[in-house]
Amino acid sequence: MYGLQAAVNASGLEPTLQELIKLRVSQINGCAFCIDMHFREATAKGEKLERLYLLDAWREAPVYSDRERAALGWAEAVTLVSQTHVPDEVFAEARKHFDEAELVNLTLAVVTINGWNRFAISFRVPPTLGA
C-alpha cells in the first residue's frame, strides 16, 4: 500500500485533486478514519472548507472545475465499478480532461484510496478526530 501511495504521490496529479478524490471515495465507502484524515490534510494544504463540505453534492455545487468534476465522476464510477461498470459517458468525460497517462494515474489514485479504505474499515480503525 505504501508503494502504491508513493506512486500516486509522484504521479504529477495536482495535490488538491488528489485530496478531493481521497475524500470523495472515502465518503462513498463510509470510511470515518479516512474522511477525518483527508479532510484535515486538505485543509492543511489550503483547500477551502466550502469545497470540502459540498463534496458529496459536487454535481450541483459550482465550486469545482470541469477537470475536477471529470475526476470526481471517474472516481465514483471506478469505486462503484460492480454497479456502474464505468459508463462510456464517464470515460469520455474523463478523457476530455485527462490524457492517457493522467487517466492511468487518476485510476491508480482511486484504486489506492479504495485499498486504504478497505484496510481501515475492515480493521475498525477509528477516526482520530484531530488527535
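Tell me, which residue of segment 15-34 that is farther than 20 Å from A77 by Cβ and under 14 Å from the mean Cα position of the chain (by Cα) is surrounded by the fewest Cβ atoms within 10 Å (Cβ to Cβ)?
The initial filter retains those residues of segment 15-34 that are farther than 20 Å from A77 by Cβ, namely 15-16, 32-33.
Filter again for under 14 Å from the mean Cα position of the chain (by Cα), leaving 15-16.
Working: P15: 13, T16: 16.
The extreme case among them is P15.
Quick one: which of A71, A101 is touching a Gly at 6+ places or on another chain (Cβ under 9 Å) and closer than 23 Å to G3 by Cβ? If you could, list the steps in order and put the result at the bottom.
Working: A71 fails: touching a Gly at 6+ places or on another chain (Cβ under 9 Å).
Residue meeting the stated conditions: A101.
Filtering V125, V81, V86 for residues that are in contact (Cβ under 8 Å) with a residue 40 or more places away in the chain and β-branched (V, I, T) leaves a single hit, V125.
Can you tell me which residues in segment 65-78 are without any contact (Cβ under 8 Å) to a residue 24 or more places away in the chain and among the hydrophobic types (A, V, I, L, M, F, W, C)? If the condition is that a residue be without any contact (Cβ under 8 Å) to a residue 24 or more places away in the chain and among the hydrophobic types (A, V, I, L, M, F, W, C), then A77 is the only one that fits. Identification of helices (runs of 4 or more DSSP H) wholly contained in segment 26-131 with 3 or more residues that are polar (S, T, N, Q) yields 81-84, 100-122. If the condition is being of a type in the set (V, I, T), surrounded by fewer than 17 Cβ atoms within 10 Å (Cβ to Cβ) and closer than 19 Å to V8 by Cα, then segment 75-110 contributes V104, T107.
When the residues of segment 111-129 are narrowed to those that are surrounded by 13 or more Cβ atoms within 10 Å (Cβ to Cβ) and aliphatic (A, V, I, L, M), which ends up nearest to the chain's Cα centre (by Cα)? Here the residue is I113.
Rule-based calculations on the coordinates, nothing more; no lab input. All figures in this text were calculated on a predicted structure; none of them were measured in a lab. Don't worry about glycine lacking a Cβ; one is built from the backbone with ideal geometry, like all the others, and counts go over all protein chains shown.
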